[in-house]
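The values are calculated or read from the model by the stated rules, or taken from the named source; none is laboratory data. Owing to the predicted nature of the structure, the values given are computational and were not obtained by experimental measurement. Neighbour counts are summed over all protein chains in view; Cβ atoms, including those assigned to glycine, are modelled from backbone coordinates with ideal geometry.
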Amino acid sequence: MTIEALLKQPQRISRDLVNLVSKRLIADRLFVRGTPEQVAGGAMQYQESESIYLDTDVVEEIAAGANWPRTTWIEAIKSEVVRQYGLEVLITNLMIRRHQMDQVTRGERKLANNLVRFIDTKAFALLEDTSKGQNTYASAAAWTIAGTDIIFEVAKAQSLIESQDNGYDGFQNATMILNTARRDNLLNNTVLRAALPREKSDGQIQTGMMAPFLGLKEILFSSRVTATKAIIMDTGVAGTIADERPDASEGFIAYDPGPGFAPVYVKVYEHPESKGQVVAAGRWPAMALTDPKAVTVITGI
């Protein structure tokens, strides 16, 4: 395909960006995917869950023929505005004339990397902001010390989530997110080495990827997480991310990646000074913690 043909198909550029972003973006894996209707008008309204129970408890047996007691629940309605995240790059006339597709591919990759870095940074800033009400405690010892009992630390974090009446059943499908620098600390931890199998062909010693333990669904690593913090969360209820659709008149087009993935909107237009074609790409997401007690932030690791 020539560059001219590619620039006439912004949906194909959007598909390329979705493929690049989905491989690395962590934010979409941590939050429940909302719908564009939730952010219509530029803001997402949500109710922050405070308990899985009603305001009044069952206090006595109901006699035959008697009226059943009626109760309610109250949850504060909050809102989170839609944020606009995007960049644009110039595909110069010289690149088009010389058919420098490698430059275009490199531009797409860098554009995707910037989107991933920015959105993930915002997501982790939200998760680490313990003023939202997340569970938090300080680790008994730094995880950089090979003998630190990381198993105990993770178990404590999960028990804090389970005790908050948010429906989480301990040691069941939580996700742990750490800074990339902490991967080696997990692999070198003597407590984990002694507890986890080492002879398996798909084990962490052979693959270099840390095997989940204590019922963790997965362990994710990102350089966007603060190096001295560990985030453990129930990704099924903790938060919501929803993307607003741009209006058709704005000229953005997106490839539909299917359920569980967010589209990247793309617009191609001619440079005002006729220097080439401009490729703009971005997203309009709103992120909110709907169940902050489904998150535990361990500090001082």
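Annotations for the structure displayed:
- Selection within segment 271-301 - more than 23 Å from the chain's Cα centre (by Cα) and of a type in the set (Lys, Arg): LYS275
- Scanning segment 39-78 for residues that are surrounded by 10 or more Cβ atoms within 10 Å (Cβ to Cβ) and among the basic types (Lys, Arg) yields a total of 1.
- Matching option when the condition is touching an Asp or Glu at 6+ places or on another chain (Cβ under 7 Å) and either more than 21 Å from ASN19 (Cα to Cα) or in contact (Cβ under 8 Å) with a residue 40 or more places away in the chain (or both), among SER139, SER159: SER139
- Helices (runs of 4 or more DSSP H) completely within segment 1-43 that count 3 or more residues being touching an Asp or Glu at 6+ places or on another chain (Cβ under 8 Å): 10-24
- The listed residue being aromatic (Phe, Trp, Tyr), without any contact (Cβ under 8 Å) to a residue 40 or more places away in the chain and under 25 Å from SER14 (Cβ atoms), out of PHE118, PHE152: PHE118
- Complete set of residues in segment 105-155 that are within 19 Å of PHE213 (Cα to Cα), assigned to a helix (DSSP H, G or I) and in contact with a Ser or Thr (Cβ under 8 Å, 6 or more places away or on another chain): GLU153
- For segment 5-19, residues that are out of contact with any strand residue (DSSP E or B) (no Cβ under 7 Å at 6 or more places or on another chain) and either farther than 11 Å from VAL268 by Cβ or basic (Lys, Arg) (or both) total 7.
- Taken over segment 81-104, the residue count meeting the criterion of being in contact (Cβ under 8 Å) with a residue 24 or more places away in the chain, touching a helix residue (DSSP H, G or I) at 6+ places or on another chain (Cβ under 8 Å) and in a helix (DSSP H, G or I) is 4.
- Matching residues, segment 175-217, being surrounded by 14 or more Cβ atoms within 10 Å (Cβ to Cβ), closer than 23 Å to ALA27 by Cβ and at pLDDT 90 or above: THR175, MET176, ILE177, LEU178, ASN179, ARG182, ARG183, LEU186, LEU216, LYS217
- Just one residue in the set ALA227, ALA248 is over 15 Å from VAL154 (Cβ atoms), aliphatic (A, V, I, L, M), surrounded by fewer than 22 Cβ atoms within 10 Å (Cβ to Cβ) and modelled with pLDDT of 95 or more; that residue is ALA227.
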